[in-house]
Amino acid sequence: MCVTETSSLVHESCSSNGIQRENNSISGGFFRNLSRVAAFLFFLVCTVVVVVVVVLPTVSGRRSAILIMSDNHNETWYHSWEMHLLQTSKLDVLGHVQQHALTSNPDERKLNDLLYFNHSAAYQELKTSVKSSAQDFYHYQEGWEAQVTQSYCAVATSAAALNSLRGKIDLPQDEIYIPYPWATQNALLLNEQVKQHIFNVQKTKRLYVGLGLSMAASLLNYNLNGQGYMAEAHSVDPTTFEKDETIKMIKKALLDDKMRVVINYDRGGIGQGPYGHGHFSPLGAYNEELDAFLVMDVAKYKYPPVWVPSAKVFNAISTLDTCANFTYTDRLPDFKTESFLSIEKELGCQEAHRGFIIIKPDS
């Protein structure tokens, strides 16, 4: 009996010590895990501090030029007149495009209306285009992007033209694409001569009125300097320029693989008047049988590329631009309260006819 009782007491004592050790082990594990969590949280906080204090200022410093270009996404603020038309007239851009895409029959081999690239026949016409002129369409695929704001049509067109000459010229270098050369709209405006003579994006921050013909040619030339290429502007006054001679000049340039042609036109001249007026876009091809040019619209949010009869192209490029040459002011106009006439007066707008630019070797 005594032995049995003693064994029982020993067993009970051992069980008690085991429980105590187990409790101590659990307690120690808990505190060890807690210290690990605390260490992880401390590391996480330190990482966030480094990113905020060191990395972000560096990145924002390098990208500041890009940020100031896109710090206002409400482009309708600058183009209230176009928004007014859309709201009051209930215009349907897509419906307009689809309607015009189907109104012409390319099988008749004569185009009297617009033929947009949302119609399969429009693509087929690339095959029947003058071979060398159609090559420009494919060259433009190397860098034909939508304008980043509704005022950047000339800048986007210029960037597309430069990118299409890849291999023939040295392209600008945008920091976001290092080490690959690429003519972005941002890179063109950061050219030192452009900032000095046309528009300083780092000072005024918003290009709130689109460039005129000669200003766009200067933008190109400042980015082509010393590269064996030049941009030659042709202002088309219908009283001195004949349609046939003008079309012949444009066709000749399109047929030369070393040249590019961009046009400054009024949309109303080609039948797109209700959806904006003064505009820039490259020409991608000429179709002899249709007697039509392929206008590669940089306002991709509005229109796809479109075949336009040569007569309509001439009508569009021979229109008058009431603010073709001007000087940007540091003050940002209020398009909600100020009239366009008062803004034009402040900018010192000078009128001139629209036209086209031929980019070609300078020798």
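Every read-out reported here was derived from the displayed coordinates using simple, explicitly stated rules and does not represent laboratory data. Because the structure is predicted, anything quoted here is derived from the model rather than measured. All Cβ positions, even for glycine, are placed from backbone atoms using ideal geometry, and neighbour counts span all protein chains on display.
Of the residues Ala187, His119, Pro238, the one whose Cα sits farthest towards the positive end of the charge dipole of the range 110-238 is Ala187 (charges of +1 on Lys and Arg Cβ, -1 on Asp and Glu Cβ, taken about the Cα centre).
Counting other Cβ atoms within 10 Å of each Cβ, which chymotrypsin sites (Phe, Trp or Tyr not before Pro) in the range 228-317 have at most 12 and sit in a DSSP loop?
Passing sites in the range 228-317 are Tyr301.
Taking K and R as +1 and D and E as -1, what net charge do the other residues with C-beta under 13 Å from the C-beta of Ala231 add up to?
Around Ala231, the surrounding residues sum to 0.
With a Förster radius of 25 Å applied to the C-beta separation of Gln141 and Asp170, the computed FRET efficiency comes to 0.80.
When the pairs Lys300/Lys345; Lys168/Lys251; Lys258/Lys300 are compared against a 29 Å limit on Cα-Cα distance, Lys300/Lys345 fall above it. Cα-based values for the range 266-316, radius of gyration first and Dmax second, are 10.3, 29 Å. From the largest down, the range 108-179 spans 49, 29, 17 angstrom on the principal axes of its Cα atoms. Inter-label distance, Asp244 to Asn325: 3.2 nm, where each label sits 7 Å from its Cα along the C-beta direction. The tail of the calculated P(r) for the range 225-363 beyond 19 Å holds 56 percent of all Cα-Cα pairs. Note on Glu351 and Gln124: their simple-model spin labels are 4.4 nm apart, each label 7 Å out from Cα toward Cβ.
The Rg/Rh ratio of the range 153-232, with Rg taken over Cα atoms and Rh as the Kirkwood radius over Cα pairs, comes to 0.93. Roughly what % of Cα-Cα distances in the range 181-276 sit above 18 Å, to the whole percent? I get 59 percent for the Cα pairs in the range 181-276 exceeding 18 Å. Summarised as an ellipsoid, the range 274-346 has semi-axes of 32, 14, 11 Å, derived from the eigenvalues of the Cα gyration tensor scaled by 5 and square-rooted, with the largest first.
What is the dipole size for the range 237-324, taken about its Cα centre, with +1 at each Lys and Arg Cβ and -1 at each Asp and Glu Cβ, in debye to the nearest 20? Please list the in-between numbers first.
Values: 10 positive and 12 negative charges, 64 e Å.
About 300 debye.
The modelled label-to-label distance for the pair Ala311/Lys336, using points 7 Å beyond Cα in the direction of Cβ, is 4.6 nm.
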